[in-house]
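Note sheet for the following structure.
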Amino acid sequence: MKANALYEEAGELTYSEFPTKWVWHRRDKEWKLRKSGRCIGRIYYAHPASGERFYLRMLLNVIKGPRSFEEIRTINNVLYPTFRSACYALGLLDDDKEWHEALNHTSHWATGKQLRELFVTMLIFCEVADPYKLWISNWQLLSEDILHRQRTVLRYDNLHLDDFQLQNYALCEIEQILIKSGRSLHEFEPIPYPNTLLLRQSNNRVLQEELDYDRNSLAAEHIKLLNGLNIDQRNIYDEVIDSVLENKGGFFFVYGHGGTGKTYLWKTIICRLRSEGKIVIAIASSGIAALLLPGGRTAHSRFQIPINVTDSSTCGIKQGSQIAELMTKASLIVWDEAPMAHRNCFEAVDRSLRDILRFSNSNSGEIPFGGKTVVLGGDFRQILPVVPKGRREQIVEASINKSSLWNSCKVFILTTNMRLTQNPSDIAAREFAEWILKIGDGELSNNEGEALIEIPHDLLIQPGAHPFNDIVNATYPDFNTKFNDAKYLEERAILAPTNEVVEDINDYMIDLINVDEETYFSADSLCKASSNILDQDVMYPIEFLNSLKFPGIPNHKLRLKVGLPIMLLRNLNQSNGLCNGTRLLVTQLSKWVLEAQIISGSHIGEKVFIPRIVLSPSDSKWPFVLKRRQFPVSVCFAMTINKSQGQSLQHVGLYLDRPVFSHGQLYVAVSRVTSKDGLRILIVENDHGDRFHTKNIVYKEIFENLPKDSYHNGEQNFEADISECGMQFT
């Protein structure tokens with residue numbers, strides 16, 4: 001503390017970091033700057049039961065440069081009476097008090113509807129210890145707009161509602177929000193369940209939501225879309241519609257690269273069937289792709305597919321539930337970006353649908369997906385299912401076209417790039433599209449699997465002394481003046497293969513913005529039910545848990561500023577556009593809640609509120625389950641190539657300090673843009689020491705039972721494919 005007071009440079013270090021830069025001289029009894037050598041610091045262990053000593057130890061791992069014990073307890077210029085209260089102020093502790101304060105803070109900005117949605121998010125994702133206390137302490141805030149709304153609905157300005165009635169109306173709306181996520185207030189007793197008379201009109205909210213469409217406007221939109229279909233799209237449309245109307249139970253796959261109009265086809269089919277009062281379940285393997293579908297959801301949320309799905313898994317849909325009733329009455333299931341999903345996901349859905357539908361159709365157990373018409377779509381050139389530490393053959397084997405279901409699938413192919421037909425004279429655009437396809441097909445080299453390919457020189461950024469500065473200037477020109485422009489941020493991003501590089505680039509860009517910064521620390525703990533090892537707290541101290549990083553889990557330390565673009569890391573509320581991968585712009589920072597504006601997907605411009613939630617990694621090498629309470633977001637000036645799949649951008653900077661490492665990554669990266677002018681690539685240095693070539697990885701065996709999809713090869717002959725695969729191709 002004395003050194004921190006005497007030397008300015010000492011004030012940038014925590015207690016454990018101090019010995020890395022300073023040396024204690026016993027003779028002089030003072031600290032001096034370290035001139036050479038390396039050293040690490042450690043702090044004596046304090047058990048969680050040791051009270052203030054434990055909380056002091058937590059703070060010493062976070063607070064930099066304190067000159068007194070009072071400064072250790074001072075957070076944002078507020079002196080707290082105890083080390084524990086200071087830890088809570090920094091967000092380092094698990095406590096329901098946080099949720100109460102979050103609702104109170106947000107009530108100053110948000111509407112009643114937004115507060116109720118935030119309350120539901122807390123119930124589902126935040127592991128609230130006492131849900132009833134959270135409700136009973138905050139019901140006035142959650143029902144603040146109810147009286148005004150009922151006066152408007154009933155056109156009775158003198159209407160009065162007592163506390164019980166206000167609570168009942170608010171609980172009714174909360175129940176309806178929960179039902180959209182497949183949950184119910186019954187799970188959060190003793191929170192009272194609303195009066196059933198209010199819910200009777202929407203007995204099955206999930207089913208009602210899928211029928212709640214303006215049929216006249218959909219019919220008019222269908223006619224407009226139908227006239228825009230090309231011959232290949234029309235053939236698929238006719239066969240799918242025929243399968244639905246005749247109740248044939250077809251299983252189809254639409255195979256085509258980006259720009260061939262798969263999403264356009266889905267919208268045409270969906271509009272036709274919904275305009276006739278039929279139910280279409282529109283899903284996708286990723287949240288971003290789901291937002292492009294009318295009424296879209298992710299496959300995992302709609303079918304309640306387990307996170308860790310195995311070859312014997314089934315979905316969490318119970319017989320007699322509202323979701324089961326929805327599946328029974330659905331006429332069609334559309335599943336976009338299917339190649340991203342593990343084959344076990346499809347097989348789990350197949351098993352569950354056969355089981356659910358066997359009561360209504362005795363033959364459902366013999367037919368794929370219980371006799372429902374199912375249409376999958378996607379591009380096998382893109383990134384395949386993620387298999388942790390999986391080898392090439394394991395990744396290929398995890399794909400849907402290696403499943404036994406594939407033998408019952410009829411494959412259609414779309415080859416016409418609809419983007420190019422809009423401007424057929426644009427030769428540069430056609431050549432760029434052909435180059436992208438050749439990357440995806442692995443045709444730029446004769447090597448199988450991995451191959452070095454040359455990048456056109458007009459796409460390359462010549463690296464200087466500071467590669468981060470070079471990629472930022474190329475992707476974000478005029479960044480200092482436009483960093484908080486939503487449109488500017490919406491249409492551009494830097495892509496890199498690994499999370500480590502992405503974090504470094506984002507930190508670099510955060511430092512370029514000269515506005516106030518807030519730092520949020522997570523509250524980390526071990527799930528007590530995950531292990532029977534005694535004294536886990538001794539084996540895994542808090543600072544060790546804080547240091548852990550997992551894919552898809554926010555870090556312990558999260559730096560945010562107003563105006564930063566962030567990406568959501570969880571599906572919070574898909575009906576409101578809050579999906580895993582949704583990009584937002586930070587508009588306000590509170591202690592316990594973020595206010596942000598959506599800048600991608602189908603809800604652009606809407607403001608939402610995001611609390612801290614409890615997250616755990618789905619797959620971990622550690623013998624315990626970490627529970628991390630943190631905002632489920634990450635800064636996204638830069639993002640990984642895998643995370644960008646499904647995003648559509650105007651400007652992309654591809655930063656390759658190391659080559660891609662999996663099938664389809666380079667193809668996905670270069671195909672995020674529709675114009676060659678929007679792509680710039682910086683190769684820091686490849687394995688061979690040059691900056692003009694990079695690695696492309698294509699597992700060509702994934703295409704073995706697929707028709708050839710390369711419009712640049714002219715007329716296609718599929719006879720060999722058909723005879724070799726024993727399948728139907730159109």
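Note on the stretch 78-124: among residues that are of a type in the set (Lys, Arg) and more than 18 Å from Arg57 (Cβ to Cβ), the one that is surrounded by the most Cβ atoms within 10 Å (Cβ to Cβ) is Arg116.
Checked across the stretch 619-636, the condition of being outside the structural domain of Gly378 (by TED's automatic domain parsing), of a type in the set (S, T, N, Q), outside any strand (DSSP E or B) and touching a strand residue (DSSP E or B) at 6+ places or on another chain (Cβ under 6 Å) holds for no residue. Residue check: Ile604 meets all listed conditions (1) in contact with a Ser or Thr (Cβ under 9 Å, 6 or more places away or on another chain); (2) surrounded by fewer than 23 Cβ atoms within 10 Å (Cβ to Cβ) but one, namely (1). Tell me, please, whether a residue that is under 21 Å from Tyr667 (Cβ atoms) and either in the same structural domain as Ile383 (by TED's automatic domain parsing) or β-branched (Val, Ile, Thr) (or both) can be found in the stretch 470-477. Yes, the conditions are met somewhere in the stretch 470-477. Each residue in the stretch 541-564 was checked for being crowded, with 18+ Cβ neighbours inside 10 Å and assigned to a strand (DSSP E or B), and 2 pass. Once the stretch 266-280 is narrowed to residues that are among the hydrophobic types (A, V, I, L, M, F, W, C) and part of a helix (DSSP H, G or I), the residue that is nearest to the chain's Cα centre (by Cα) is Trp266. Remark: pairs (first residue in the stretch 60-85, at positive phi; second residue surrounded by 12 or more Cβ atoms within 10 Å (Cβ to Cβ) and not in a loop (DSSP other than H, G, I, E, B); Cβ separation under 8 Å; 6+ apart in sequence or on different chains) = Gly65/Asn4; Gly65/Ala10; Gly65/Gly11; Asn76/Ala89.
Take the residues of the stretch 296-315 that are in contact with a helix residue (DSSP H, G or I) (Cβ under 7 Å, 6 or more places away or on another chain) and small (Gly, Ala, Ser): which is nearest to Trp266 (Cα to Cα)? The qualifying residue nearest to Trp266 (Cα to Cα) is Gly296. Within the stretch 378-396, is even one residue part of a helix (DSSP H, G or I) and touching a helix residue (DSSP H, G or I) at 6+ places or on another chain (Cβ under 6 Å)? Yes. Scanning the stretch 127-153 for residues that are in contact with a helix residue (DSSP H, G or I) (Cβ under 6 Å, 6 or more places away or on another chain) and under 19 Å from Pro632 (Cα atoms) yields a single hit, Val128. Of all residues in the stretch 143-169, those that are within 18 Å of Tyr132 (Cα to Cα) and in a helix (DSSP H, G or I) total 7.
Tell me whether the stretch 491-511 contains one or more residues that are within 30 Å of Leu60 (Cα to Cα), part of a loop (DSSP other than H, G, I, E, B) and among the β-branched types (Val, Ile, Thr). Among the residues of the stretch 491-511, not one is within 30 Å of Leu60 (Cα to Cα), part of a loop (DSSP other than H, G, I, E, B) and among the β-branched types (Val, Ile, Thr), which makes the answer no. Consider Leu589 carefully, then state whether it is at pLDDT 90 or above and surrounded by 19 or more Cβ atoms within 10 Å (Cβ to Cβ). It is false that Leu589 is at pLDDT 90 or above and surrounded by 19 or more Cβ atoms within 10 Å (Cβ to Cβ). Scoring Lys700 on the criteria (1) among the charged types (D, E, K, R); (2) out of contact with any Leu (no Cβ under 9 Å at 6 or more places or on another chain); (3) at pLDDT below 90 leaves a single failure, condition (3).
The values are calculated or read from the model by the stated rules, or taken from the named source; none is laboratory data. Just so you know, these numbers come straight off a predicted model, no measurement behind them. Neighbour counts are summed over all protein chains in view; Cβ atoms, including those assigned to glycine, are modelled from backbone coordinates with ideal geometry.
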